[in-house]
Amino acid sequence: MAALFISNSFVLTCCLVILTSMLFSSYAELLRFQHPPKSPHGSLSFLVLGDWGRRGAFNQSLVALQMGRIGEKLDIDFVVSTGDNFYENGLKSEQDHAFQESFTKIYTAKSLQKQWYSVLGNHDYRGNAEAQLSPHLRNLDSRWLCLRSFIVDAELAEIFFVDTTPFVDVYFSDGEGHSYDWKGIPSRKSYIANLIKDLELALRESYAKWKIVIGHHAIRSIGHHGDTQELVDKLLPVLMANNVDFYMNGHDHCLEHISDTKSPIQFLTSGAGSKAWRGDLKELNREGLKFFYDGQGFMSVQLTQTEAEIAFYDVFGNILHRWTTTKLLYQSL
Ligand SMILES: *[C@@H]1O[C@H](CO)[C@@H](O)[C@H](O)[C@H]1NC(C)=O
């Protein structure tokens, strides 16, 4: 009897293992986090910051101070980081003090003691990329959550975080003289193909009123780096086909708003968390440009069932640009 029991449970375990591996390989591998808005009215607000970790230097501390003030005023639900979290070369290890010196000890305001959702930027890949993904950092500061690609389901909005660094060709050729930590990405080709497939599936299945995609690199930008052609080719078509409202990124150290001329997508750059003022605008593609600011600051997003409001702030907390859009309450997806 005992032997039969063991063999039965063994068979059952095998079946479960096979079944779950089948499920996980055919369904979205993107981890999903639930973050219901705290407001009883179902409105949602958050701040977006990028390109910041410099131990307070280059106005990082000033930006942090104003984020605290605006975060309080808007009663934010969480903070989004568009990557390049730690300069110059990411974190060396989970023990790297840059984590405390550039994050914990900088964003000290009460309103910023919320969950932070972060992606990796190209500078993060120049260090130990996996260190930033480690649960150890969450023990040091429970606000921290950084993964390569994942989904935050905030009911009213679904936010899709995409690891854009592996898309960019130059990091795999000469790397502009830098080395990148690609362990964990054994095959670039299948990594990108799976990510696009998972994203496409998750976007298609989303019933959220607002669909937001976050990545480090810009799809469209007139700043220093300009458009990221690899994302224009591979990512943009997926966003256009799935009614994405906003694409938010960092990488260019500026604040910027470009409206797509072929779809309702708004391209929003918030990469001004510390070093900025590069002063080298691309004169190229200015189609749809609504706003550009070369200095430091951050962005806020406020959403309700029917309205979205985006605002950009400088280091004094002044609003530099504000943009709103409306949706019908029962607008079909
Ligand atoms: C800090 O911000 C002020 C105001 O925008 C600017 O004048 C100054 O150049 C900034 N400092 C740095 C180091 O970028």
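Tabulated values for the structure
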item	result
Sequence-separation-based contact order of the chain, relative, with Cα cut under 8 Å and 6+ spacing, percent	19 percent
Within segment 2-332, percent of DSSP bridges classed antiparallel, to nearest 5	55 percent
Cleavage-rule hits, GluC sites (Glu not before Pro), segment 87-118, DSSP coil, Cβ neighbours within 10 Å at most 14	88
Segment residue 75-residue 97, extension gain: residue separation times 0.36 nm, minus the distance between their alpha carbons	4.9 nm
Extended-chain gain in nm, criterion 0.36 nm per residue less alpha-carbon gap, residue 318 and residue 263	16.8 nm
Rounded percent of accessible protein surface that carbon and sulfur make up, the chain, 1.4 Å probe	57 percent
Net length gained if the chain between residue 281 and residue 39 were fully extended (0.36 nm per residue, minus Cα distance)	83.1 nm
Of 114/327; 114/197; 197/234, those spanning more than 19 Å from alpha-carbon to alpha-carbon	114/327; 114/197
Stokes-Einstein D (µm²/s) once Rh is taken as the Kirkwood radius of segment 2-332 over alpha-carbon pairs, at 20 °C in 1.002 mPa s	105 µm²/s
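The values are calculated or read from the model by the stated rules, or taken from the named source; none is laboratory data. Because the structure is a prediction, the values reported are computed rather than measured. Note that we place each Cβ from the backbone using ideal geometry, even for glycine, and neighbour counts take in every protein chain shown. Ligands, DNA and RNA are excluded from the accessible area calculation, which covers all protein heavy atoms including side chains. Shrake-Rupley method; radii C 1.70, N 1.55, O 1.52, S 1.80 Å.
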